[in-house]
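J.: Structure incoming, see below.
Computed from the coordinates by the stated procedures, all read-outs in this text should not be read as laboratory data. Everything numeric in this text was worked out from a predicted model, so none of it was measured. Cβ atoms come from the backbone with ideal geometry, glycine included; neighbour counts cover every protein chain shown.
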């Protein structure tokens, strides 16, 4: 009964157990939809990149009636709507210039994990919009679309989430055991190696799935938080510091007797922030896409003074689900009280170091078979 | 910016205010997903119809890579999954016999109102399935898909829900004012006329939208609760009696001083149960589809003895949302206590009359332009 046209098995969740960490749903003060300004800044800055990519790199088909766009890891909005609108405007403009006649209709597919809050996403869809909207549940590390069904793929601030924590770093007997921390700092070579290994595998799965789903000549724009160029260590970047302080806040809860040390040792963030060189390597090895452009975005959010309260809320919106899955909901309030205090104590450092973050963007083009 | 290829405006909720009455979400005792056995019986019985329709009527395209199926008014499952599986099996079989070679991949689109519980729908998707799944939020009385993008459309137990209550029947000064009732019984000609007028308009909107979305030669299978043939009055059918008793249960709450008489007068069910002749007329006037088959399904659920508790739970799962929107949630428990009592009192009548319901099915084929 399985389609014989394709040897890749269609999504079977049982066969691929995988972690999912949806951003906080709903739209209250702690929700992702209310705390995604930074990502929005990235999307605004990416508008120019998208316009340029579409103009210079997208192969238009004259005879299609519908242009298909997918956002992978869309979360609950509103950033995804903005990004999709930017893509549509760029494509419409190019159709107008190229064919001077009818436009295709647009069908936009919003993809995220099956436990993403699609109800909130659907209810916040722009009422005036120039596209048909669909939600597509499922991990983007598997196939979620039919063959050659997408003309443009987009993935913003999602691919740094690994499919799982690398096993070795939670194994007490391994030299990669990550004791007393919840992420890598960059100093523990064995730990970083395991994290990068997982990223390589995941990114390759992502590219393999997309290679089947995107038409020849179709484009994919990716934004991902990465490591700045040069010999920068992760713990000296904004994200690295934020994670290190979250780890030490958890250790403070250990000292207060609220949680056990073992529970912190067995908790690690499934995230990797790659360098440009690492991304280039993975894409080249995968061999299905040409890398048309890669670089770091410059956007105004980077230069804002550091805001302790806002940052604490943002980190909570992103981490709340994964933290309460492991430690229980009751630790959230005390944890983020400690965390906010730690951010305050490190205000000067953050205000200086935060500029070391790199918001990487990539423009990929599906090769012809 | 609007696609110039198509003069139909894409979904604009503001311009088309419309009522939506999602089935009770979640999966607890009162939920629709736990109380949709009757509809499931209808779908099982429809399997043969679908198989026959696909075999005899569906025009297969040899060169497509993906076969697109949509279920309009899918609710939260599990019936929609069963229906989609039945369609896929029939199409696969026909492809096998016709071309003896590769199968297309299947993409299934689950459509329902924007306030349907898509989270539950997605989380209950079969883990083993031979199709890619998407959710499509929006009223099926508007365009929700691109032009000519569907090969097979399905709509089960959804089209009897009108887009709104006809205005006249809630107007005190109209001769169609429906005082003291919440639905038509069939005796009040003016009321029935308004209801049928609304059904005609809505069904025509549905057919016009689908005519644009379904490819030439594509099929649409519809199941809808209807009026049995002959001179049967609605209040003497199972559904008609269920609605009449719900109305008199509400009136009992008026007598008990729990709700006001005005609140019942201003509440009417936006449902119409058409006859075969009425459906034939609307489809012919619309002129985009040929009616390949129409009739009443015979299914085993019809012959089960009447079950008071089960029926009360089923009616509650379906009506809970619309009732609590109008009267508030607090009336639900007392209302359904009274209702269950009334069902019990009418046990003999139901056990006899329930067989008078007609589960109509239609097979439509998109004409060539």
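J.: Would you mind listing the distances between the residue B:97 label point and the same position in each other copy? Use 7 Å along Cα-to-C-beta, nm, one decimal, shortest first.
T.: 5.3
J.: If you average the alpha carbon positions of the stretch A:319-369 and of the stretch A:164-217, how far apart do those two centres end up, in angstrom?
T.: 18
J.: How many partner chain Cβ atoms sit within 10 Å of a residue's Cβ in peptide B:141-151, on average, as a whole number?
T.: Numbers: counts 0, 0, 2, 3, 5, 10, 5, 3, 6, 0, 0.
Mean number of neighbouring Cβ atoms from other chains: 3.
J.: Sorted from shortest, what are the nm distances separating the label point of residue B:124 from equivalent points in the other copies, each placed 7 Å from Cα along Cα to C-beta?
T.: Label point to label point, same position, other copies: 2.6 nm.
J.: Using only Cα atoms, locate the centre of the stretch A:84-115 and the centre of the stretch B:242-262, then give the distance between them in Å, rounded to an integer.
T.: Spelled out, the Cα-based centre of one part sits 52 Å from the other.
J.: If I take R0 = 35 Å and measure r between the Cβ atoms of residue A:164 and residue A:236 in this structure, what FRET efficiency does the formula 1/(1 + (r/R0)^6) give, to the nearest 0.05?
T.: Working: r = 26 Å, r/R0 = 0.76.
Plugging the Cβ-Cβ distance into 1/(1 + (r/R0)^6) gives 0.85.
J.: Calculated from DSSP H runs of 4 or more alone, at -39500 (n - 2.57) each and per residue, what is the 222 nm mean residue ellipticity of chain A, nearest 500? All intermediate terms of the calculation are to be shown ahead of the outcome.
T.: Values: 10 runs with 148 residues, N = 369.
When only DSSP H runs of four or more count, the value is -13000 deg cm²/dmol.
J.: Report the per residue volume, in Å³, of the convex hull enclosing the C-alpha atoms of the stretch A:23-366. Could the numbers behind the result be given before it?
T.: Details: hull volume 44.1 nm³, N = 344.
Convex hull of Cα atoms, per residue: 128 Å³.
J.: What do you get for the angle between helix A:276-286 and the principal long axis of chain A? Use alpha-carbon atoms, 0 to 90 degrees, nearest ten.
T.: 50
J.: Give the angle, between 0 and 90 degrees and rounded to the nearest 10, that separates the Cα long axis of helix B:308-327 from the longest principal axis of the Cα atoms of chain B.
T.: Tilt of helix B:308-327: around 90 degrees.
J.: Other chains near A:100-108: what is the mean number of their Cβ atoms within 10 Å of each residue's Cβ?
T.: 4
J.: Next question. Could you work out the mean count of beta carbons from other protein chains within 10 Å of each residue's beta carbon in B:237-246?
T.: Details: counts 0, 0, 0, 0, 0, 0, 0, 0, 0, 0.
Across B:237-246, the average partner-chain Cβ count within 10 Å equals 0.
J.: So, one more: What ranking do B:167-179, A:210-222 get when scored by the average of other Cβ atoms within 10 Å per residue, highest first? Provide the component values of the computation, followed by the final result.
T.: Details: B:167-179: 15.2, A:210-222: 21.3.
So the peptides B:167-179, A:210-222, ranked by packing, come out A:210-222, B:167-179.
J.: If I take every Cα pair under 8 Å that is 6 or more residues apart in the stretch A:233-369, average their sequence separation and divide by the length, what percent do I get for the relative contact order? Intermediate values should be presented prior to the final figure.
T.: Working: 110 pairs, mean separation 60.2, N = 137.
Reported as a whole number, the value is 44 percent.
J.: How do A:321-330, A:140-149 rank on mean C-beta neighbours within 10 Å, highest first?
T.: Numbers: A:321-330: 15.3, A:140-149: 22.3.
Sorting A:321-330, A:140-149 by mean packing, highest first, produces A:140-149, A:321-330.
J.: For residue B:204 and residue B:229, compute 0.36 nm times the residue count separating them, minus their Cα-Cα distance, and round to one decimal in nm. Walk me through the numbers on the way to the answer.
T.: Numbers: separation 25, 0.36 × 25 = 9.00 nm, distance 2.23 nm.
So the chain would gain 6.8 nm between residue B:204 and residue B:229.
J.: Same structure, new question: What is the gain in length, in nm to one decimal, between residue B:187 and residue B:287 on full extension, counting 0.36 nm per residue of separation less the C-alpha to C-alpha distance? Show your work: numbers first, answer last.
T.: Working: separation 100, 0.36 × 100 = 36.00 nm, distance 3.13 nm.
Gain in length upon complete extension: 32.9 nm.
J.: Quick check: pseudo-label points 7 Å beyond the Cα along Cα→Cβ at residue B:101 and residue B:324, how many nm apart are they?
T.: Result for the modelled spin labels: 5.5 nm.
J.: Let me ask something else. Take the Cβ-Cβ distance between residue B:310 and residue B:352 as r, set R0 to 25 Å, and report the resulting FRET efficiency rounded to the nearest 0.05.
T.: Details: r = 18 Å, r/R0 = 0.70.
E(calc), rounded to 0.05, equals 0.90.
J.: Further question: Once the piece of chain linking residue B:55 and residue B:296 is laid out straight, how much longer is it, given 0.36 nm per residue of separation minus the C-alpha distance between them? Walk me through the intermediate numbers first.
T.: Details: separation 241, 0.36 × 241 = 86.76 nm, distance 2.01 nm.
This chain segment gains 84.8 nm when fully extended.
J.: Next question. Assume the label is 7 Å from Cα along Cα to beta carbon: what separations in nm does residue A:277 have to the matching positions in the other copies?
T.: Here residue A:277 shows inter-copy label distances of 8.3 nm.
J.: For the Cα atoms of chain A, what angle does the longest principal axis make with the long axis of helix A:37-57, in degrees from 0 to 90, nearest 10?
T.: Rounded to the nearest ten degrees, it is 30.
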